[in-house]
1. Residues being open to solvent by 50 Å² or more (accessible area, probe 1.4 Å), in a loop (DSSP other than H, G, I, E, B) and either among the charged types (D, E, K, R) or modelled with pLDDT of 95 or more (or both): count how many of those fall in the range 77-112.
2. Which residues, counting only those in the range 51-73, are within 14 Å of the chain's Cα centre (by Cα) and more than 15 Å from Leu113 (Cα to Cα)?
3. Out of Ala185, Ala129, report the one residue that is of a type outside the set (Asp, Glu) and either in contact with a strand residue (DSSP E or B) (Cβ under 9 Å, 6 or more places away or on another chain) or without any contact (Cβ under 8 Å) to a residue 40 or more places away in the chain (or both).
4. Can you work out which of the residues in the range 118-133 that are of a type outside the set (Gly, Ala, Ser) and open to solvent by less than 70 Å² (accessible area, probe 1.4 Å) is farthest from Ile56 (Cα to Cα)?
5. Considering only residues of the range 8-52 that are buried (at least 16 other Cβ atoms within 10 Å of the Cβ) and among the hydroxyl-bearing types (Ser, Thr, Tyr), which is farthest from Ile120 (Cα to Cα)?
6. Step by step: first the residues of the range 134-165, then only those that are without any contact (Cβ under 8 Å) to a residue 60 or more places away in the chain and under 19 Å from Ser114 (Cβ atoms), then the one that is surrounded by the most Cβ atoms within 10 Å (Cβ to Cβ). Which residue is that?
Amino acid sequence: MPWEKQFDVDQALTQAMRAFWARGYEATSMHDLVACMGINRGSLYATFGGKRALFIQALRHYDAVYRQAWVAALGAAPSGKRAILEAFETVIAAVLKDGARDGCLLVNTALELSPHDPEIAEIVREGLAEMEGFFRRMVEKSQAAGEIPAGLDAVETARALLGLFIGLRVLSRSRPEKALLRSIARQAEVILTE
């Protein structure tokens with residue numbers, strides 16, 4: 001008779017994702033994972049395959065549940081320019097109002113693991129490429145609506161916005177200062193008016 005799981009796999013994965021998001025891969029121990037997931041070590045290995053495999057699943061879960069859903073909601077706005085600026089404002093508001101300092105799990109992983117793990121680097125690369133694509137589509141949408149200059153190079157502008165956005169995510173963890181974060185958002189707006 002096959003073994004039946006006595007826990008909610010999605011809930012356990014979400015708890016693991018939150019632990020990795022808050023502490024990073026290296027600083028999250030197996031003890032931390034077992035405790036936050038509410039399962040025993042054997043169940044963790046049997047279901048998820050170990051810490052690295054669990055981290056990869058948690059990273060993909062984060063990307064699907066948080067980043068992709070958030071970007072889809074932003075992209076549905078009638079104004080491409082507003083969607084771009086809202087991406088920056090949402091991050092700033094979370095830091096300033098809620099004290100959220102976890103940053104973005106993809107960006108955190110880019111800094112911690114991507115240089116050393118090709119499989120994880122590819123997941124991060126895909127997520128960041130999709131963010132660049134979001135910015136490019138919103139620039140093109142804004143140009144078509146006459147919100148921003150038609151002469152802006154959509155690809156170059158999207159890459160500059162991505163760089164600012166990644167910088168915002170990193171600085172929101174290490175220097176969550178209102179003036180600093182707002183200056184980054186203002187630069188995003190300046191890029192869209194040149």
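The values are calculated or read from the model by the stated rules, or taken from the named source; none is laboratory data. Keep in mind that what you see is a predicted model, and the values were worked out from it rather than measured. Neighbour counts are summed over all protein chains in view; Cβ atoms, including those assigned to glycine, are modelled from backbone coordinates with ideal geometry. Side chains included, ligands, DNA and RNA excluded: accessible areas come from the protein's heavy atoms. Shrake-Rupley method; radii C 1.70, N 1.55, O 1.52, S 1.80 Å.
1. Within the range 77-112, residues that are open to solvent by 50 Å² or more (accessible area, probe 1.4 Å), in a loop (DSSP other than H, G, I, E, B) and either among the charged types (D, E, K, R) or modelled with pLDDT of 95 or more (or both) number 2.
2. Across the range 51-73, the qualifying residues are His61, Tyr62, Asp63, Ala64, Val65, Tyr66, Arg67, Gln68, Ala69, Trp70, Val71, Ala72.
3. Ala129
4. Taking the range 118-133 as the starting set, the residues that turn out to be of a type outside the set (Gly, Ala, Ser) are 118-120, 122-126, 128, 130-132.
Checking the rest, the ones that are also open to solvent by less than 70 Å² (accessible area, probe 1.4 Å) come to 120, 123-124, 128, 131-132.
Details: Ile120: 7, Ile123: 8, Val124: 10, Leu128: 16, Met131: 19, Glu132: 22 Å.
Out of the qualifying residues, it is Glu132.
5. So, considering only residues that are buried (at least 16 other Cβ atoms within 10 Å of the Cβ) and among the hydroxyl-bearing types (Ser, Thr, Tyr), the one farthest from Ile120 (Cα to Cα) is Ser43.
6. Leu162
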